[in-house]
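This report refers to the structure that appears directly beneath it.
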Protein chains: 2
Amino acid sequence: MYFLGIDLGGTTIKGGIVDKTGNILTQGQVPTRAEAGAEAVLAQIENLTKELKARVGISDGQLRGAGIGIPGSVDVEKGLVRLAPNLHWRNFPLRGKLEKLLGIPVVLDNDAHVAALGEMWQGAGRDYQDILMITIGTGIGSAVILNGQVHRGIFGYGAEMGHVKVEPHGPLCECGGRGCLETLASATAIVRQARQELERGRPSLLRGKETLEARDVLVAAGQGDELAREVLNRAAGYLGIALANAVLLIGPTVVILGGGVAQAGEVILGPLKERFEEALGPWQIKPLPLLLAQLGNKAGFVGAAYLALSFLRGEGK
Amino acid sequence: MYFLGIDLGGTTIKGGIVDKTGNILTQGQVPTRAEAGAEAVLAQIENLTKELKARVGISDGQLRGAGIGIPGSVDVEKGLVRLAPNLHWRNFPLRGKLEKLLGIPVVLDNDAHVAALGEMWQGAGRDYQDILMITIGTGIGSAVILNGQVHRGIFGYGAEMGHVKVEPHGPLCECGGRGCLETLASATAIVRQARQELERGRPSLLRGKETLEARDVLVAAGQGDELAREVLNRAAGYLGIALANAVLLIGPTVVILGGGVAQAGEVILGPLKERFEEALGPWQIKPLPLLLAQLGNKAGFVGAAYLALSFLRGEGK
């Protein structure tokens, strides 16, 4: 009994075949080709699936279902991609189309949700059933898992922590809101803030770089660069507060941090944890574990395979 | 089949006998006498219960159980009041003591939780199962109900919206945090901010009042007083943002506003709704109803009676 997990990103499709105990039999990736249109993307998913199946010699009957993580909002019940800006999709009936193409049951969910399921199944969340996961990348994704199930709430897209307002007079976000966490603490925000500080003429190791990436800021901070440290401290402070606020509302048993920014270590985790503990202080009965995600970019397809598995078990809703 | 609901406040104990359809047979109140110690408070609960039972001529066998709302944090499973500052209680085994005294099963919960259950059963939340309720009074209480059950999370005390940080550099809260919603938008905060504005020498209808209460600020704002309006706008803005943030994380199907401040009408609801809609804007698929609580100070004992009822049905955990 095997399951296909697909992590459909804006530039790359990652996939893997996973057994019911979470072992990865094989994994691979292909370009998304979003610019070539939806049919091209579907063909890429089909190609990847065929390649993965051929590699491990799995027959049609052995592959029971597929789960897919989508970079956007999903109507899980209808199998519809409501909005995926990276793919230029709106109300796209992906489930039906893929079921025809692959000949197996397909379940869709948001990419942050499947990543959290992956971490719960095989990663940092293995010992937990009530999880708050935040993924800090170009944007900020999040997921809440309660009793082992993704909590979706009324909107169907689940927790939108990237757009929680943490600074009432903060910068304007693309969503139209002000002071959204994403505008203050994503990789994009870190780069923007570093640029602003550089423009003020402050000395920094970052000066003179042609293209500035969040990674550069993280590295410079690790080397003691003051400008970089200040920028990260600020971002980490907002992350700590937003996470503490979410914990006060949701009460998870663990917080998992995913994405490249979180993996940079103490330069970001130190101030984040400090602010988190400070904000949560008297409300904590015992310190809440704040763990780094363990599966890296496998979390998506592993969680997507789990989604298919749990759906076929009848737990998928 | 009747249930006793008790709303144990710092100064007053309210209670009622309610049938399984939510009809209030009788209700009453006695002073809490918290300063006279826990035994005195227990005696007051017993007295009120006897009085209520005698009034409607209910025999011992007909009263199946009692629910009690506590102004503090409660260990529901252990029947323990963990901390109730107003009552000077810490780790007080209220359930056991009351069960002996009253001879019926007793269930405890936090007062904001039972008020939300009351509104769900008989008030503004009647048509909903997934509710975010916030009560704006001296402090700020909150409750999250998912699938008709209080969501407690890891800490057991449920949502602590009063201590969500909405202004990173805001005033220091008694909890040790900075910019907690309670320090910016409770009745206490409204009075404090009005006082600060008055001290700056600004003209206002509030000038010269011996004792200033939140009610005075609300009334003055209704009369067009600029200082009062400004103070309320600010508080309402924070409430709107905090509620929108909570909605993004939890996705309830309704938001219910309780407490005297919310009942003051448009002077507070207008700016609150405006900020709420603005913050939630693009994330709302359809406008989320934001309703006023309907049961007033009956919500506590009605919800407490419901707690007893649902507990005895085996749904109470």
From Cα pairs below 8 angstrom and at least 6 apart in sequence, can you work out the relative contact order of chain B, rounded to a whole percent? 21
Dimensions (Å) - the protein assembly as shown, Cα atoms, principal axes, largest first: 80, 62, 39
Chain B residue with Cβ closest to the axis mapping B onto A, distance in whole Å: B:Leu249, 3
With a 10 Å cut-off between alpha carbons and a GNM built on chain B, which of B:Ala235, B:Ala264, B:Ala116 moves the most? B:Ala264
Return the sequence-ordered ³J(HN,Hα) values of segment B:275-281 in whole Hz as given by the Karplus equation 6.51 cos²θ - 1.76 cosθ + 1.60 applied to θ = phi - 60°, using x for Gly and Pro. 5, 4, 5, 4, 6, 8, x
Simple SL model, points at 7 angstrom along Cα→Cβ for A:Glu35 and A:Gln129; separation in nm is 4.8
Amide H contacts under 5 Å for A:Val107, placed H, 5+ residues apart: A:Ala66, A:Gly67, A:Ile68
Considering amide H positions built from the backbone, and no H for Pro or chain starts, which residues 5 or more places from B:Thr12, or on another chain, come under 5 Å of its amide H? B:Thr32
Estimated FRET transfer efficiency (A:Glu274, B:Met1; beta-carbon r; R0 41 Å; 0.05): 0.15
About the Cα centre of segment B:199-317, what is the dipole size in debye to 20, counting +1 per Lys and Arg Cβ and -1 per Asp and Glu Cβ, all else neutral? 280
Among A:Gly28, A:Gly15, A:Gly125, whose mean-square fluctuation peaks in a Gaussian network model of chain A (Cα, cutoff 10 Å)? A:Gly28
Once the dipole of segment A:127-293 is set up from charges on Cβ (+1 Lys and Arg, -1 Asp and Glu), the residue from the list A:Ile268, A:Leu280, A:Cys175 lying farthest towards its positive end is A:Cys175
What is the helix-to-structure angle for A:111-122, meaning the angle in degrees between its Cα long axis and the longest Cα principal axis of chain A, kept from 0 to 90 and rounded to the nearest 10? 80
With +1 on each Lys and Arg Cβ and -1 on each Asp and Glu Cβ, how big is the dipole of the protein assembly as shown about its Cα centre, in debye rounded to the nearest 20? 660
Report, as a whole number in µm² per second, the diffusion coefficient that Stokes-Einstein gives for segment B:131-194 at 25 °C and 0.890 mPa s using the Kirkwood radius over alpha carbon pairs. 199
For segment A:127-293, size of Cβ-based charge dipole, Lys and Arg +1, Asp and Glu -1, in debye: 200
Where does the charge balance sit around B:Arg275 when Lys and Arg score +1, Asp and Glu -1, over other residues with C-beta under 15 Å from its C-beta? -2
When N is the residue count of chain A, what does its C-alpha Rg come to as a fraction of 2.2 N^0.38 Å? 1.01
With each label point set 7 Å from Cα along the Cα-Cβ vector, what nm distance links B:Thr11 and A:Leu172? 4.8
Residue-ordered couplings for segment B:44-57, obtained by feeding phi - 60° into the Karplus form 6.51 cos²θ - 1.76 cosθ + 1.60 and rounding to whole Hz (Gly and Pro as x), are 5, 5, 4, 4, 4, 4, 4, 4, 5, 4, 4, 4, 9, x
With the charge dipole of the protein assembly as shown built from beta-carbon charges (+1 for Lys and Arg, -1 for Asp and Glu) about the Cα centre, the Cα from B:Gln294, B:Phe311, A:Ala244 projecting farthest to the positive end belongs to B:Phe311
Give a residue-ordered list of calculated ³J(HN,Hα) values for segment A:296-304 (Karplus: 6.51 cos²θ - 1.76 cosθ + 1.60, θ = phi - 60°; whole Hz; x for Gly, Pro). x, 7, 8, 3, x, 6, 5, x, 5
Using the Cα gyration tensor of segment A:25-168, the equivalent ellipsoid's semi-axes, largest first and to the nearest Å, work out to 27, 19, 14
Partner lysines whose C-alpha sits under 19 Å from that of A:Lys20, ignoring same-chain residues fewer than 8 away, are A:Lys53, A:Lys298, A:Lys317
On a C-alpha basis, how far is the centre of segment B:126-177 from the centre of segment A:223-252 in Å? Whole number, if you could? 22
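How big is the antiparallel share of DSSP beta bridges in segment B:126-293, given as a percent to the nearest 5? Could you put the intermediate results ahead of the total?
Working: 10 of 18 bridges.
Percent antiparallel among DSSP bridges in segment B:126-293 is about 55.
Cβ under 10 Å from B:Pro71's Cβ, B:Pro71 left aside: what net charge do those residues give with Lys, Arg +1 and Asp, Glu -1?
-2
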Bounding extents of segment B:126-293 in its principal axis frame from Cα atoms, largest first in Å, are 50, 34, 27
Just report the Cα centroid separation between segment B:1-73 and segment A:51-66, whole Å. 64
Near the amide H of A:Leu291, under 5 Å away, which other amide H atoms are found, from residues 5 or more places off or on another chain, if H is placed in the peptide plane? A:Val255, A:Ile256, A:Leu257
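Bear in mind that the values in this text are calculations on the coordinates, not laboratory data. Owing to the predicted nature of the structure, the values given are computational and were not obtained by experimental measurement. With ideal geometry, Cβ positions are generated from the backbone for all residues, glycine too; neighbour counts draw on all protein chains shown.
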